[in-house]
Structure formats: structure tokens, C-alpha cells
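Okay, structure first, notes after.
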Amino acid sequence: MTENILEVRDLVKHYPVTQGIVFKKTIGQVKAVDGVSFELRSGETLGVVGESGCGKSTLARVLMNLERPTAGSVLYKGQDISKLSGGALRRLRRQIQLVMQDPYTSLNPRMTVGDLIGEPFEIHPEVAPKGSRRQKVKELLDLVGLNPEHIHRYPHQFSGGQRQRIGIARALALRPEIIVCDEPVSALDVSIQAQVMNLLEKLQNEFGLSYVFIAHDLSVVRHLSDRVAVMYLGKIVEIGTEDEIYERPTHPYTQALLSAVPVPDPTLRDQKAIIRLTGDVPSPVSPPSGCRFRTRCWKAQDVCAEQVPLLEIRSGSDHASACHFAEKREIVATHEA
């Protein structure tokens with residue numbers, strides 16, 4: 001069993017809702033992340049999936065310490081990184097890097113590719129002596145499948161997939177142990193998505209990287225993840241291995257998400273039951289009492305409004321689920337063997 005490299009404990013991130021122009025008054029809170037706990041093991045990929053607005057990107061920003069949590073802790077090798085600042089935080093940045101969602105806006109259009117990838121060396125000069133930085137940038141470009149001779153080009157001279165490779169090269173520059181991938185392929189064409197995913201898998205095998213891979217596309221997450229956490233309205237509602245989540249989901253929300261994934265084999269399509277959820281996703285400012293999914297759940301009963309279900313392994317299950325009435329449901333395969 002590999003050791004935990006990252007531990008998240010009861011993580012909370014709330015944003016105040018204010019009223020007024022001059023004298024602002026707090027009238028509520030957006031509960032973007034509300035009591036999230038998980039572990040990331042060394043060399044593992046943890047996929048985080050859920051609908052838009054469920055708190056995935058907020059989770060990424062808090063893990064990177066780009067935003068301070070309202071409560072809870074993020075432990076990197078036992079050290080609470082949410083309490084770091086100054087030089088200690090800067091040193092930590094070497095170990096945890098971020099690949100952003102949109103390669104069109106995450107790269108400075110006024111900087112060459114060489115300057116973009118080499119910028120981490122300016123912030124952390126101890127990683128690479130000044131005279132060797134140009135060569136290291138070329139090596140990084142070659143590592144992600146780009147021509148090293150294009151070091152003087154600007155981001156607008158590359159395609160979307162190539163720009164994302166540049167973002168990955170920049171994240172790799174400091175040889176981190178953890179990379180947080182915030183929907184890194186959602187803005188790319190399907191064929192390019194596969195190429196970027198294969199690149200991430202190759203780099204993980206080569207450098208022993210640990211990934212927190214955030215996405216809303218369940219088929220993309222399955223390709224890369226060892227374990228998967230399903231989020232709904234700021235909370236993790238189910239977490240388990242890739243096989244447990246995709247083949248034996250127990251939470252109604254996970255079952256509904258998987259039922260919407262297209263089946264590539266036409267002979268199996270008629271065997272798949274589609275679960276259609278009714279109603280809209282509730283506001284994170286005023287989430288439902290008890291189970292947050294109960295307003296859209298076909299299994300909901302009185303207890304669901306009165307008690308918050310704990311994320312735990314239920315009787316007859318092999319992984320944790322936050323549902324009072326969790327039960328296994330066999331899912332028709334959603335990927336080709």
C-alpha cells in the first residue's frame with residue numbers, strides 16, 4: 001500500500017453574499033465546498049467528477065492554496081499547506097502544480113513559449129542555473145511532443161491541443177510530485193483529448209506523478225483514474241475505485257450520471273436504463289436540508305430531509321457512499337474493452 005501524499009480533511013470554502021453598494025451587508029454564503037475529505041496516494045490519480053457548479057474548480061483552487069479555506073485542512077506529507085505563506089508557500093509550489101482548463105486564456109499572449117515554460121525557473125532559480133534554462137525548456141517541449149525549435153513562437157501560433165501541452169510542460173518544469181488538472185481537456189476536440197490524456201498517462205508512469213483530475217465527462221475520468229470521487233453541491237457523495245464507481249455505483253446521483261454516458265456498442269444500448277432527473281440543481285446559497293440530492297432523488301423519504309447521510313461504506317457495498325438507501329446497481333459497460 002503506497003503512502004498518502006495529500007490528505008484533505010473536512011475542507012470548507014464559503015463565499016459571502018453581500019447586499020448594498022456603500023455599506024455592504026452579508027446576507028448569506030455560497031457553500032461552494034462544504035465538508036470534503038479524501039486522500040491522494042503517491043503515484044495515484046484521483047478523478048473528481050460532477051455537474052457544473054458542484055464545487056470542483058473551487059476545490060482545485062483551495063488545494064493549490066490560491067484561495068484560503070474557510071475551515072478544514074489540506075495536508076501535504078503531514079504539513080497543513082493552507083497555513084503557509086511567504087517563502088514556505090513558494091517552496092511548496094515546487095511540489096504541487098496546476099494545469100488549467102482553458103489553454104487559450106491560461107497563457108500570456110505577449111510571452112514566447114520559451115519564456116512561458118522558463119518562467120518557473122525565474123521564480124525558483126535553484127532548480128536550474130541560468131545558463132542551462134534554455135536547454136531545459138527545449139527538453140520540456142520535446143517531452144510533451146512539441147518541436148523544441150518553436151521556442152520563440154507565441155501562443156497564438158499553436159493549436160488548442162498544442163497550447164495545453166505547453167501548459168503541461170510549464171507544470172512539469174519544477175518536477176512536482178502532484179499536478180492538479182482542472183478540466184484540462186474539456187476545451188479540446190475529442191481526438192485531441194485522447195492525445196492529451198495519453199500524454200498525461202505517459203508522464204505519470206515516467207515521473208511517478210500523482211494527479212487530482214477534475215472533469216465533468218465520466219468517460220474521460222475513467223481512462224486515467226485509479227479512484228473516483230463524485231461531487232454534488234459542494235460534497236462528495238460517493239468515492240471508490242474506478243471499477244467500483246463505474247460497474248457498481250450505489251449513490252442515486254452517480255447512477256444517474258452513468259446512465260447518461262453513451263454506450264459505444266450498439267448491441268448493448270437497449271439493455272441500458274436511462275435515469276432522468278427532475279428539477280434543477282438547488283442553489284449553493286441555500287442547499288436542501290439533510291441530503292442535498294433529495295429534491296431530485298427518486299428514493300427520497302422523510303429521513304433524507306432530516307438527517308445528513310454520512311460518507312461511509314454501507315451494508316452490502318464495497319466502497320463509501322453518502323446515501324441512506326444506497327444499493328448496488330449494475331451498469332452496462334460504457335467503454336470499449
Would you please name the residue that is farthest from L257 (Cα to Cα), looking only at residues in region 210-243 that are touching an Asp or Glu at 6+ places or on another chain (Cβ under 9 Å) and among the small types (G, A, S)?
-> S210
Some residue of region 102-118 being over 23 Å from L200 (Cβ atoms), hydroxyl-bearing (S, T, Y) and at pLDDT 90 or above = yes
Identify the single condition in (1) within 19 Å of L59 (Cα to Cα); (2) surrounded by 20 or more Cβ atoms within 10 Å (Cβ to Cβ) that L209 does not satisfy, given that it satisfies every other one.
-> (1)
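Do you know which residues across region 155-193 are touching a Lys or Arg at 6+ places or on another chain (Cβ under 8 Å), outside any helix (DSSP H, G or I) and at negative phi? Quick ask: steps written out before the conclusion?
Applying the first criterion (touching a Lys or Arg at 6+ places or on another chain (Cβ under 8 Å)) to region 155-193 yields 155, 173-176, 182-183.
Cutting the leftovers down to outside any helix (DSSP H, G or I) gives us 173-176, 182-183.
Once the filter is applied, which keeps residues that are touching a Lys or Arg at 6+ places or on another chain (Cβ under 8 Å), outside any helix (DSSP H, G or I) and at negative phi, region 155-193 yields A173, L174, P176, D182.
Matching residues to (1) buried (at least 17 other Cβ atoms within 10 Å of the Cβ); (2) free of Cβ contacts under 8 Å to residues at least 24 places away in the same chain:
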| residue | (1), (2) |
| --- | --- |
| T58 | yes, no |
| R68 | no, yes |
| S73 | no, no |
| Q101 | yes, no |
| S106 | yes, no |
| P125 | no, yes |
| R133 | yes, yes |
| N147 | no, yes |
Scanning region 152-163 for residues that are over 15 Å from N108 (Cβ atoms) and buried (at least 18 other Cβ atoms within 10 Å of the Cβ) gives G161, Q162
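Residue-by-condition table, conditions (1) within 30 Å of T295 (Cα to Cα); (2) among the acidic types (D, E):
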site	(1), (2)
E183	yes, yes
D189	no, yes
A194	no, no
L203	no, no
S210	no, no
I214	yes, no
V221	yes, no
E244	yes, yes
H251	yes, no
Filtering region 307-337 down to residues that are crowded, with 17+ Cβ neighbours inside 10 Å, polar (S, T, N, Q) and either farther than 22 Å from D217 by Cβ or at pLDDT 90 or above (or both) yields S317, S321
Pick from R175, R170: which is surrounded by 20 or more Cβ atoms within 10 Å (Cβ to Cβ), of a type in the set (K, R) and within 20 Å of I96 (Cβ to Cβ)?
-> R170
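The values are calculated or read from the model by the stated rules, or taken from the named source; none is laboratory data. Quantities reported herein were computed from a predicted structural model and do not represent experimental measurements. Here the Cβ is made from the backbone with ideal geometry for all residues, glycine too, and neighbour counts use every protein chain on show.
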